[in-house]
Each structure stands twice: as C-alpha cells, then as structure tokens.
Amino acid sequence: MSLIDARTASAEIDWAAHRHNLTEIAALVDPAIVMAVVKADGYGHGLVAAAASARAAGVPWIGVAVAGEALTLRAAGDTGPLMCWLYGPEEDFTALVAAGVDLSISSMGELRRISAAAATLDITARVHLKIDSGLSRNGCPATDWAALCTAAAADPGLEVIGVWTHLAAAEHPDHPSVRAQLVAFERAHAVARSHGLTPIRHVANSAAALILPQARYEMVRVGIAGYGVDPDEDVAAQAGIELRPVMTLRASLIAVKTIPAGQGVSYGHTWAPEQDTTIALVPLGYADGLMRAAGNRSSVTVNGRQVPIVGRVCMDQCVVDLGPGSTDRVGDEAIVFGSGGRPVNEFAADCGTIGYEMVTRIGPRVQRIVRP
Ligand SMILES: Cc1ncc(COP(=O)(O)O)c(C=O)c1O
C-alpha cells in the first residue's frame, strides 16, 4: 500500500524503457541469451511487473534470489524458465521443485535436500551447480567441486541445467580477479563435463554482459542495466548502448517561502543561507529512500535547474534552496533522479552510495506510477 498521494510524491516506472534496455542488451550479447534479474522487488520497480516486462521483451530467463520471490512469480502466472539461488538453513525445497523453479546448488547439503524434495515429489529437480570462483560469497569451494559433480551426475532426481558463478569486479575488466575467476570457472566447467554433465554456463552480471564478451558464455544475468542504471561510471558508453532510466523519483514542492540570511534550516541547523533566499519543502525523506546523506551534499532538479538539498534530510521531508528571487511555486516538481533529472548514479554518488541501493530502497509509502 502506498500512503503518499501519487500527486505529492511518486516513483514513476517506465516499462517501455525496461523493454528497450533489455532488447538492446539482448542484441549486444547475442548469441548468448539473457536472464533478467528481478530480485529485491524487481530492484525496487515491482517484482511481478519486472518479470512480465522482461518476458514481453522476449527475455527467456528470469532470475531471483529467494524462494518467496520465485513462488510469487509462479503464483502470478509466470511459467517460463525461472532460477532462484539463495536459501535459508530450513528452506523447504518441495514447493520450489514442484513449481518447476531452477535451483542453484552450492553445497552437498543443498544437493541432498533438493534431491530429497525431488524424490518426495517423484519428479526431477532442475539445478545449476555454482562454483565459488573467487568472490568468496556463495558457491562451492573448488576443493569440493568434483565431489559435488559426482553426486549430481549420479542422482537421477537431478537434471543439471547449468554451471555458474558470479564475478567480484566485472565493471573493471583489468582487475586481476576477473581473469582468475574465469580461469577457475572454466576449470570447474571442464570437471563437470568430465563427469558427463553438459550444462549451459552463466557468469556475467550487467557489467560483464556489457563489456566483458569472454564472460558471456551461453547466458548472461542482467539486473541493473535492464533498469536503465549504468553498472558503473561509463560501462554502457563503453558498450555503445543507450540505457533509458526506468524509475523516476519525483515530488511536488509543498511549501515555498523566503527566509532571511543566517536562518538555520532543518534539524541541527546544519545550513543557513548567506543571503535572503527562497526555500521549498519536498515531501520525501529518508523513510522514503531519499538518503539522509543527501543533506548539504546533493541536489534535485526543479524547473530544469539543479537546486541543493539544504540542512538535514528528515524522515518524511527535506528542504531545497531555490535561490534568491526564485519564481518556483508550490506544486512545481522536484525530480530526485530519472527522466528529466539526473541519473540515479549521480545522486547516489553524492550520498556515498550506488544506484543499486537508491532504486531498491524507495520506501513503501511512495506510490509507483506505472507507464506500461
Ligand atoms: C548472482 C547474481 N547474478 C546476477 C546479478 C545481477 O547483477 P547486476 O544487477 O549487476 O546485473 C546479481 C545481482 O546482485 C546476482 O546476485
């Protein structure tokens, strides 16, 4: 439920832009195919809608992190290839296997539990073996890999669809970890093949899909770039593709007033104007995803110009300095990021974070306005 009137503040979601981005990326990586990653509520854009948009763009695979996301998509009617990769210690795999969700396996424990779920249901579970090639996050250590392949190959309840891994620094192709991880991955793939497995390979996130052709293999897993956010500073430009922002965060100015020079603004009076000026109240605060760190550090776009966020950002609101003699009025729009404003990565950088964090942290009070 959204509690802020959409005319007051909203996150507008442009699904045509999402389809455009995914279509561009699919053409770039061809003949590799795309898995659109829609975890974390479609990176804050809406889980079910993001998956539907990806399918409409012709993307064959959908990827999510947790079981609830996969089952929500199945309940919403998504029947296509769908992969899930992060589990709790008590995860009940039965529902996932029954729903035909492809499951990642990083350990013998996961393999046994998924195999048991398949046996209970008397069906085959579709699985992707994950090697930890050097991210040191999820994935099977190289030392245990051969045993995992042996067990997977011998288990009639498991169909090994893929072998996969995740990169630590794909946005920096010269980073030494990239080469080391690809070498480790290819070694793991060779071991899998030596066990008679013939899996597809998938390694690349957005950055790798865009600028690391040798990591594309048969499939790439694209999250952030689909939402029109550059994975890093100029990755999209290097790839020669145009990404369109899918999310635009905006709010109306709900109060405009003049304050005298020296008048402190917001909690703690961390800012005061040097001359008489006009300030405006923007009804978005840190509870809505407008980072507290933005205070005295970032800006929003009002009537085509950048105006600074002054003083501390509060839970529900923040203040911007429109400047002396401003003619902006109540009801005019402040664009935090997106179409008509700055790229989300610029706003995020001001706040010491990244676009990924901004778009996934827009609070539930902010209504998503959907443009199909
Ligand atoms: C395993 C895995 N693959 C792919 C992605 C997509 O990454 P990106 O949003 O950078 O494209 C993620 C996102 O964090 C991930 O965790």
Open item on the list: Exactly one of these conditions fails for ILE200: (1) more than 16 Å from the ligand (Cβ to nearest atom); (2) surrounded by fewer than 20 Cβ atoms within 10 Å (Cβ to Cβ); (3) under 24 Å from ALA32 (Cβ atoms); (4) not hydroxyl-bearing (Ser, Thr, Tyr). Give me its number.
Closed with: (1)
TODO: Keeping to the stretch 271-285, report how many residues are over 15 Å from LEU253 (Cβ atoms) and either within 27 Å of the chain's Cα centre (by Cα) or outside any loop (DSSP other than H, G, I, E, B) (or both).
DONE: 1
Open item on the list: I'd like to verify a number: residues in the stretch 270-280 that are under 28 Å from SER10 (Cα atoms) and either charged (D, E, K, R) or surrounded by fewer than 20 Cβ atoms within 10 Å (Cβ to Cβ) (or both), how many?
Closed with: 3
Task: Checking GLN214 against (1) of a type outside the set (A, V, I, L, M, F, W, C); (2) surrounded by fewer than 24 Cβ atoms within 10 Å (Cβ to Cβ); (3) within 14 Å of the ligand (Cβ to nearest atom), the condition it does not meet - done: (3)
- [ ] For the stretch 240-269, name all the residues that are surrounded by 14 or more Cβ atoms within 10 Å (Cβ to Cβ), part of a loop (DSSP other than H, G, I, E, B) and under 21 Å from the mean Cα position of the chain (by Cα).
- [x] ILE241, LEU243, ARG244, PRO245, VAL246
Task: Residues being surrounded by 15 or more Cβ atoms within 10 Å (Cβ to Cβ) and either part of a loop (DSSP other than H, G, I, E, B) or within 16 Å of the ligand (Cβ to nearest atom) (or both) - total across the stretch 137-171 - done: 16
Task: Filter result for the condition that a residue is touching a residue at least 24 places away in the same chain (Cβ under 8 Å) and more than 16 Å from the ligand (Cβ to nearest atom), over GLY264, GLY223 - done: GLY264
TODO: Go over the candidates GLY68, GLY109, GLY134, GLY77 one by one and state the one that is in a loop (DSSP other than H, G, I, E, B) and surrounded by fewer than 22 Cβ atoms within 10 Å (Cβ to Cβ).
DONE: GLY77
- [ ] Kindly provide the set of residues from the stretch 30-42 that are buried (at least 22 other Cβ atoms within 10 Å of the Cβ) and part of a helix (DSSP H, G or I), ordered by number.
- [x] GLY42
TODO: Can you confirm whether the stretch 8-21 contains a residue that is farther than 22 Å from ILE354 by Cβ and in a loop (DSSP other than H, G, I, E, B)?
DONE: yes
Task: Total residues in the stretch 226-235, condition near the ligand (Cβ under 9 Å from one of its atoms) and either in a helix (DSSP H, G or I) or more than 17 Å from LEU167 (Cβ to Cβ) (or both) - done: 3
TODO: Among the residues of the stretch 51-63, write down those that are in contact with a Phe, Trp or Tyr (Cβ under 8 Å, 6 or more places away or on another chain) and either part of a loop (DSSP other than H, G, I, E, B) or within 12 Å of the ligand (Cβ to nearest atom) (or both).
DONE: GLY63
- [ ] Six or more apart or on different chains, Cβ under 9 Å: which pairs go from a residue in the stretch 269-285 that's under 28 Å from ILE362 (Cα atoms) and not assigned by TED's automatic domain parsing to the domain that holds VAL310 to one that's at pLDDT 95 or above and not basic (Lys, Arg)? Could you list them?
- [x] none
TODO: Filter the stretch 186-221 down to residues that are part of a strand (DSSP E or B) and among the aliphatic types (A, V, I, L, M) and give me whichever is farthest from the chain's Cα centre (by Cα).
DONE: ILE200
- [ ] Take the stretch 104-153 and flag every residue that is of a type in the set (A, V, I, L, M) and in contact with a His (Cβ under 9 Å, 6 or more places away or on another chain).
- [x] ILE105, ILE131, LEU135, ALA146, ALA152, ALA153
TODO: Could you grab the pairs with beta carbons closer than 6 Å, sequence gap of 6+ or different chains, first residue in the stretch 154-174 and of a type in the set (Asp, Glu), second one buried (at least 19 other Cβ atoms within 10 Å of the Cβ)?
DONE: ASP155/SER115; GLU159/ARG126; GLU171/ALA207; GLU171/PRO231; GLU171/ASP232; GLU171/VAL235
Task: Residues satisfying the stated conditions in the stretch 327-351, i.e. acidic (Asp, Glu), closer than 15 Å to LEU284 by Cα and buried (at least 16 other Cβ atoms within 10 Å of the Cβ) - done: GLU333
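The values are calculated or read from the model by the stated rules, or taken from the named source; none is laboratory data. Since the structure is predicted, the reported quantities are computational estimates derived from the model, not experimental observations. Note that we place each Cβ from the backbone using ideal geometry, even for glycine, and neighbour counts take in every protein chain shown.
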